[in-house]
Amino acid sequence: MRRLLVLSLVLYSLHGLRAESLKYDFEHSIDGGNTFSLAGSISLDHGIAHMERELSSQSVSSQLQKLVEADGFYVVRIPTGRSERYVSAAVRASCLATASDLSERLSLLLDAHGGLMSMTYSTDTYPCRGSSTPSLPAHSVVSVQQPIDGPMVISSPSSSMEEALPSFPGEGSSGGSSPTSRPRGQPPQSAGQQQQQQQGAAGAAGQVGVAAPEEKTWWQKNWLMAIGVGMAVMNILGNLAKTAQQPQQAAGPSTGTRGAAQR
């Protein structure tokens, strides 16, 4: 059991050393990104990077001169070691023809396991006008950015964001504010304070609130219909009175004729 524990500790230490000590191949293209060749290597040891470049040749210088004349780009890349993937960057070839003592700057971004995620590449000359014979950089400055180990802080958006932002009048879904709502950035109120605010809001609403409309009476609602029914009843009664007077007028002349005959 003790041997197994010691072996596990040794393997864990070797894994940690391998994760801290990394080496990347540095490749470049002097034909505009069509073909790549090994240009050097980058060693990473405990967050400190060091770059070693291959010696330049006359053929490389002539190809760089053609690239400058064509206003092409000098492309660099680093293999990440994951499924033949690369991170790459490029600068104008004229940036390599500005000074004899040229420096290049690389910035590598690593993940938590030491894997290469991205890179930036630049030279220390600007603007790049290509006034001299192009050559590969003589000095290299490599910086490394790694994740920072620290406590994980999880905050609720409803609490942190609301307290950070100021409150404005008329804010909210209904265009107003609730009697129990509080401005952002202030501590929560107690139950007694909330009750006092509710009572004060209720009293203010009773003084300034809009009065409810009065309910109309039956006559105010149906006066037009009542007048129509009354006129109809009066018309019916008038017709009945005329019908009753017509027999009496017809019986009056016949009685007078009979009396004259008796005389």
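Read-outs throughout are calculated quantities, based only on the coordinates presented, and are distinct from any laboratory measurement. On a predicted model such as this, the values are computed, not experimentally measured, just so you know. For neighbour counting, all protein chains shown are included, and Cβ atoms are generated from backbone atoms with ideal geometry for every residue, glycine included.
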Quiz prompt | Charge sum, other residues only, whose C-beta stays under 14 Å from Ala70's C-beta, Lys/Arg counted +1 and Asp/Glu -1 | solution = -1
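Suppose we keep just the DSSP beta bridges with both residues in segment 20-145; what percent of those would be antiparallel, to 5?
Details: 31 of 38 bridges.
Percentage antiparallel, nearest 5: 80.
Over the Cα atoms of segment 20-145, compute the convex hull volume and normalise it per residue, giving Å³. Mind showing how you got there, number by number?
Values: hull volume 11.7 nm³, N = 126.
Taking only Cα atoms, segment 20-145 has a hull volume of 93 Å³ per residue.
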